[in-house]
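Single-structure report; data block below.
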Amino acid sequence: SNKHSSFVYVRVRPLLSDIIDDKSNNDDDDDSSNDVELEEEEASILDDLVTETTIIDEANNNNTGVTAMEGPLPISGFNGVFGIDAMNSYVYDESFHPRIRTIMKGGTSSFFCYGYTGAGKTHTTLGYNEDCGVFQLAAKEILNRVVQLNTDKNTEP
């Protein structure tokens, strides 16, 4: 019943510690009077970048989308922005999980990431340590549903 054929989300990853260190060192080099150390959650390369998770309210038909970057030239129109605290499981639940029903009915769906080197594409799709990636979460769900369908088929009278 959803009219969209494409869904576009933005994921903002936290800055890596070496970038935070570089930014702190650069701030020290320019003789600024700012002695405050950068905290990971405060560090940002782009001041107007949204770092909190915001997902579009699909029930609100007048919604023009979520803004990923505010300021004089805002970048908006997305289905959602995943902030720096969003785990892969949450990204999966909000962005791709709703497409599994289409797949199970014989349809198709794609999930891909686009961005600069180091932007977090591999982390989002494949995961890291205990934080499973979107591909693994989707595969697990599809395989579990296939097993359930086969079990249901074999138990029918």
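Worth pointing out:
- For the stretch 68-116, the tally of residues that are touching a helix residue (DSSP H, G or I) at 6+ places or on another chain (Cβ under 8 Å), open to solvent by 40 Å² or more (accessible area, probe 1.4 Å) and among the small types (Gly, Ala, Ser) stands at 2.
- When residues of the stretch 38-79 are limited to those that are farther than 21 Å from Arg13 by Cβ and among the acidic types (Asp, Glu), the one modelled with the lowest pLDDT: Glu58
- Every pair of residues 6+ apart whose Cβ atoms lie under 8 Å, when the first sits in the stretch 121-150 and is touching a residue at least 40 places away in the same chain (Cβ under 8 Å) and open to solvent by 60 Å² or more (accessible area, probe 1.4 Å) while the second is in a loop (DSSP other than H, G, I, E, B) and of a type outside the set (Gly, Ala, Ser): His123/Arg13
- Boolean, Thr124 is at pLDDT 90 or above, at negative phi and hydroxyl-bearing (Ser, Thr, Tyr): yes
The values are calculated or read from the model by the stated rules, or taken from the named source; none is laboratory data. Here the structure is a predicted model, which means the values were calculated and not measured. Positions of Cβ are generated from backbone atoms using ideal geometry, with glycine treated the same way; all protein chains shown enter the neighbour counts. To get the accessible areas, we keep the full protein, side chains included, count just its heavy atoms, and leave off ligands, DNA and RNA. Shrake-Rupley method; radii C 1.70, N 1.55, O 1.52, S 1.80 Å.
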